[in-house]
Structure formats: C-alpha cells, structure tokens
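Structure first, then comments.
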Amino acid sequence: MKKNNIEDQILVIFGSNGDLAKRKLLPAVFQLFLDGLLAKNFIVIGAGSQEKDELTNRHDVQESLKVFANKSYTEFPEKVNLFLEHVYYQKVNNQTETDFELLKNYIENLSIKLDIKQNIVYYFSIPPFLYEVVAANLVKQGLNNEENGWKRIIVEKPFGYSYDSAIDLDKKLHAGFNEEQIYRIDHYLGKETVQNIMVTRFSNGFFEPIWNRKYIDRVEITSSEKIGVGNRGGYYDTSGAMRDMIQNHLLQVLAVVAMEPPAIFDSDSIRNETVKVLQAIRPIKAAEVAQNVVRGQYISGQVGDQIQNAYRQESGVAPNSKTETFVALKILIDNWRWGDVPFYIRTGKQLPERVTEVVIHLKPAPHQLFKQLCLTEPNNMIILRIFPDAGVAIDFGMKIPGAGFKVQNVNMAFHYSDLIDKKISEAYERLLLDSMVGDSTLYARADAVKASWKFVDPILQAWKNDPEIPLYFYECNTWGPNESNMLFGDKFIKWREPFSKFKTE
Ligand code: BG6
C-alpha cells in the first residue's frame, strides 16, 4: 500500500459500537497503524448511541481487536496500548441535533489539546435511513465546513433502495457536501484481486487483444456464499440478493472486466470508463425478466450432518417472504467491444462453496483439428479468482504425451499465496487509507450508482408487480435452482462449478 504524505486527521465513526465497526473498521485502522500508514497526528473518535466514558470505550475497542484483528493483536501486543491512545469516544444519538453540537465541541477541544488540524473523515457505519439525517446534522453544526481542514464522508451501501431513492439521497448529501467529499464505499472495489483485473488486462500485451467479442464467447461472474442470512434477516428481507450484491458489488466487478483502457490512470479517467459500461448495459424490460433473470430462495437442506433452516424460518424474515436469496441473470452490453457477448452473473446464499470469480470463456479454435481425439472438450478459459485461492488461471488443451494426438484440458495458474512475504490487505484497509489521502478511484461515483440502479430497478419492479414471474426454491448446499442454466439457451452449456481451489491437481 502506498504512503503518501498523509495529513494529520481525525476519523469519526458513526455507529462505532455496531457490527461493521467492530469486525472491519477498527481492525482495519489498527492494521494501518501497525503498518505505519496513518498520519503522525491521528485520532479515531467513536460516535455511538451508548453512553460510556473514554476508558470503557478503549476497553471495548481492545475486546473487538482481540476477536477480529486476532492475528495482529497477538503478534504485536505491545502496539495495542499505543494504538488505544489514539482512540476517543463521544456519545451521539444520530437523530438528536444537540448531540452534534456536543460532538462539534468535543472535536474542537481535542483538536486544540492534541494540536490536530480538523481534517475529518466521517464514516457512516449506520442504518441507511440515517445517512441523510447525520449528513444534515453535520451541516447544521458547520461540521462540513472546510475552512479549518477538509471534510469527507464515507457512505456505506446500500446507497438507496431504488433508482428514485438513490437520486433523492444523493441530492440530500449534496446539499452539504460536494461530489469530491462523498465517498460511496463498495468493499469489492477495495479487494486486491478486483484491482488486479485492471492490471492483468492493461499491463500485459497478450490479454487485451483478445478481450472482445471476436474472441470471447461469454463471461461468467459468480459470487457464492456457503452461509445463510444468519442474524441479518431483518435487513436482508427488505433487500434481497439483487440489492445486496448485484446492484453494487457485482455490477462494479462487471464494469472493471468490461471497461475500456483509460488513457491515464487516475480517479476520473478510470471512473469515466467504468460508468460507460454501466450506462451501456441493455435494459431488461418487464416482459423479458422471466427469460433473463432467475430468482431463487433457499429451503431447508443438509450441510454436513446438520439440517439448515429454510430462509423463511430465519429470524427477522417474513414467513411468506418472496425475497430472493439467489439471482442469476444474463446481461448484454451494447457497445463496440461487447456487442452480443453475454455476461452471466449469479450470486446466492447457502450454496456449496464460498467463491468469487470471473470466468472468461473464449471461443473455440475456428477449425477443430483434433476434435475426434479429445478426451474432454477443450475449454479455453481465463479464470480471475477473487476469493479464495486468489489468482489467475488459464485453461487450455494440451497434447497427452505418447503416441497419437490426444488432447486434454490443463490449467496454468498463478496463486497470490505464492508471493512470499506479501500479505493481501483487507479491502477496508485499502479503502480507508484511500479516503484519508483523498483518492476516490476505488469508490463509486454518483453517476455509476445511478446507472446501476437504472438497470436493476425495472427488474425489481417486475418482480413486485408480476406474480407470474417465478421464485424458484433451492435446497441449501446446492448451486441454486436448476433453472439458472436455462439462461444460456443451450442445453450443453451450464454454469461452471467452482471449487474452493483452482490449483492443478
Ligand atoms: C456484503 C453483503 O456487502 O457483502 C453480504 O451485504 C455479503 O450479504 C458480503 O455476504 C459478501 O462480501 P465478501 O467480501 O465476503 O464476498
């Protein structure tokens, strides 16, 4: 990770006692501290609804680090206390205006006492309905004012619930903050392996010439999870896989796979290219939804020797819920590079493996010279593995040694784990650091969020309005409804079954 001349600053985390802060944000800040990447003069202020003093808060943070930053916590016990000296706390009820006045005074006093300039990143790690409330309360107290230091806000997903609500939220945030100050986080863009898609494509001479409709038959993007919704049923039941995974993470991955090379590598140029992809996605009309989008919901099934709950039995989920826990869809991108190349995306919970990968299926050689002698159908694929066993693999046909010309599919793979001494940073470390140095390249811009909602919204509307569109049920520990294979429109093509490792056996 880079270490620019990072300015002295304050990170304020709204919702600092919540799950995200404990699991991801505080461990990420701690890791940045261990790596010496934070500003010399840096503090993190927890802003939570709980009443507690600074010592208790430091103790709570320490407990979170013990659990969620486990490895670095035990490796560097002497650093924990040093880190905790940078941790502060102010009780803030997000809906109480006067609490923001208290927050303002608290920040001002600390900034004088510790001689820190009021460069502030505000992290909204709070329920989405509070984003506009907190933004408005900050503005009322002038806490967005940049005279005494820059101010940035990081907004978690979901950014809006629909196209209209996303636009509305954007308007409300822009009432007090300009676009350069708004960081819409999508942790998929912070993944090292997603960024590597750009490097694989644009720093090598041999991928890009074939990265188009002439050589690529189809692209598959899979993000599967082994677990169900757990204790997030309340949130998930109002969201579903389309809003939770496709509208943001997977459309962003698609944009990185399909974008044109930017002329220069800076935030605007990259985001200008990714947004063009999202804007070029062919809309799916209500009447086409059933053919192009398959939704599913998990029902009870066996995993190991345990019977898993059906989605409708999970806590916080309506007993007759129609919320999708699986989506597979076919996307076409109407531009010069991708005309008629289908992109298939699927995501789901309670599937057999936890895997995220992009598979580029190349067209077969124009003349199949060895067809009769193939042991398996040669399958030319480029696999960009995001998780687990991150890396890149190429599958192609090879001659089996010996007499004749028998061909078999083999696999050549690079694994990140082979890079000695290089740890892959957590997405949140990278993204937090980027926001601290003012680099928004890996954050979603307003126009991209708008474009992806524009595509997703009509599908959600069709599901809501047309009871004829089926919701398929699938058993836990299966790859979702079989109907997801019908998207290929060819009985010989099926979704690739990803394994947790893609190492050549
Ligand atoms: C989150 C979704 O944004 O991403 C979760 O809300 C999902 O439902 C998670 O489990 C997946 O992220 P990752 O990094 O584990 O693939």
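Taken as Cα centroids, the range 166-209 and the range 430-502 sit 17 Å apart, rounded to the nearest whole angstrom.
Between helix 192-202 and the chain there is an angle of about 60 degrees, using the helix long axis and the longest principal axis of the Cα atoms.
Computed on the range 294-430, the Cα convex hull volume stands at 239 Å³ per residue. Of the residues Ser321, Ser125, the one with the fewest other Cβ atoms within 10 Å heads the list, and the complete ranking is Ser321, Ser125. Label zone of Ile210 (point 7 Å out along Cα→Cβ, amide N under 18 Å): in the range 376-395 this covers 377-385, 392-395. Maximal additional length on extending the Gln372-Glu179 stretch stands at 63.6 nm, based on 0.36 nm per residue less the C-alpha distance. Taking every Cα-Cα distance in the chain and sorting them into 10 Å bins starting at zero, the pair-distance distribution P(r) comes out as 4, 17, 27, 26, 17, 7, 2, 1, 0 percent. Which number comes out as Rg/Rh for the range 310-378 once both Rg and the Kirkwood Rh are worked out on C-alpha atoms? Answer for the range 310-378: 1.17. Each Cα pair under 8 Å and six or more residues apart adds its separation to the average, and for the range 393-505 the resulting relative contact order is 22 percent. In this label model, Val199 and Leu55 are separated by 4.7 nm, measuring between points 7 Å along each Cα→Cβ vector.
As a rough footprinting exposure proxy, the listed residues Glu85, Glu273 were ranked by other beta carbons within 10 Å of their own, and the order from fewest upward is Glu85, Glu273.
Contact order, relative form, for the range 331-415: 22 percent (alpha carbon pairs under 8 Å, 6 or more residues apart, mean separation divided by residue count).
The magnitude of the dipole of the range 248-401, with charges of +1 and -1 set on the Cβ of Lys/Arg and Asp/Glu and taken from the Cα centre, is near 360 debye.
In the distance distribution for the range 58-110, Cα-Cα pairs more than 18 Å apart total 47 percent. Relative contact order of the chain, please, whole-number percent, based on alpha carbon pairs below 8 angstrom and at least 6 residues apart. Result for the chain is 17 percent. For the pair Asn379 and Ala290 in one chain, pulling the backbone fully straight at 0.36 nm per residue adds 29.1 nm over the alpha carbon distance.
With neighbours defined as other Cβ atoms within 10 Å of a residue's Cβ, the residues Met486, Met412 order from fewest to most as Met412, Met486.
A Stokes-Einstein calculation at 10 °C with viscosity 1.306 mPa s, built on the Kirkwood radius of the range 401-481 over Cα pairs, returns a diffusion coefficient of 82 µm²/s.
Relative to one another, the C-alpha centroids of the range 319-368 and the range 231-302 are positioned 10 Å apart.
Laboratory data are not the source of any read-out in this text; all were calculated from the coordinates shown. All figures in this text were calculated on a predicted structure; none of them were measured in a lab. Neighbour counts run over all protein chains shown; Cβ positions are idealised from the backbone, glycine included.
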